[in-house]
Amino acid sequence: MAASGGGNGVVVVFDFDKTIIDCDSDNWVVDALGATARFDDLLRRLPWNSAIDALMGELHAEGRTVEEVAASLRAAPLSPRVAAAVETARALGCELRVLSDANAFFVGAVLDHHGLAGCFSAVDTNPAAVDADGRLRILPYHGLPGHGCPLATCPPNMCKGKVMERIIDELSCGGGGAPAARRRRRVVYLGDGRGDYCPSLKLTEMDYVMPRKGYPVWDLIAGGDRAAVRADVREWADFEDLEAVLLGIVAECLTSEHDDADDDGGEAAPPAECRALPATLASGQDAILPKAVHVPN
């Protein structure tokens, strides 16, 4: 992962499955390796995270390799609009992170293949590693005794809300001599699933949540206690939407920071290309922006 950026005061946190890629990575691998029926059988007896780990063990015992798993992931669908959104947001100075209930091996294989790993400062997901025998092990993010979250939307292995609380605490520690209310950077959170509801509840009025329309997190936000979600809700339906909505939010944040700097006596304004972004997006033309720098892992 790359070093933390965060130069423009915006931290974008992406879910992975059905957000960065247009599929569930576990199901993608299971189907690609011809193990769908076996996985379904494991799910009758085990929680999801334990079932995917057990399946990796069974496949290894039959001679299937980690490279076969990685090869299947390299074929997972990732829209060029997502790649463009990631690279543009990074080039504009956003810090980018992943918060996912997938696992480190799957996420890493996809991001490495598409040249995007260096855009992200951190990945919070279920740990995964290849052991000495060449078997892929996948572990729960929150081990025993569990995360203790009362929400039924959080699976037993990971509460993204707990992770989001930690991220927000980390973001609240910087800021130098700025007033406390303005010290923390804004968070933009993108997700689609039931597990993305809890972290959405942890955001405040200064933040944004981008639920994928027609997916479980959108249904939970739209059909539940709307006041419980304090963040500004900006939905997206497809990956063109994702790019336009995300970069529109970044443009709003940059404009707001620029206006605040003027109010505070002329602190440094955002670069010219950042200030021009809203008009560029409005015209529907591609922004001329510096390329993201990929830091070797």
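Structural remarks
- Hypothetical label at ARG74: residues of the range 107-149 whose amide nitrogen lies under 13 Å (7 Å Cα-Cβ projection): 109-115
- For the range 1-84, the carbon plus sulfur part of the accessible surface works out to 53%, probe radius 1.4 Å.
- Net charge over other residues, Cβ less than 13 angstrom from the Cβ of ARG194 (K, R count +1; D, E count -1): -4
- Fully extended contour minus Cα-Cα distance, from ARG81 to SER256, at 0.36 nm per residue: 60.5 nm
- Legend: calculated FRET efficiency, ALA237 to ASP169, from the Cβ-Cβ distance at R0 = 30 Å, rounded to 0.05, equals 0.40.
- Considering only LEU171, CYS154, VAL69, and ranking their Cα positions along the charge dipole of the range 65-199 that arises from unit charges at the beta-carbon of Lys, Arg, Asp and Glu, the one farthest toward the positive end is LEU171.
- Ordering of 201-207, 114-120, 187-193 by packing is 187-193, 114-120, 201-207, highest average first (other Cβ atoms within 10 Å, averaged per residue).
The values are calculated or read from the model by the stated rules, or taken from the named source; none is laboratory data. In this text the structure is predicted, and so the values were computed from the model without any measurement. Note: ideal-geometry Cβ built from the backbone for every residue, glycine included; neighbour counts use all protein chains shown. With ligands, DNA and RNA removed, areas are computed over all heavy atoms of the protein, side chains included. Shrake-Rupley method; radii C 1.70, N 1.55, O 1.52, S 1.80 Å.
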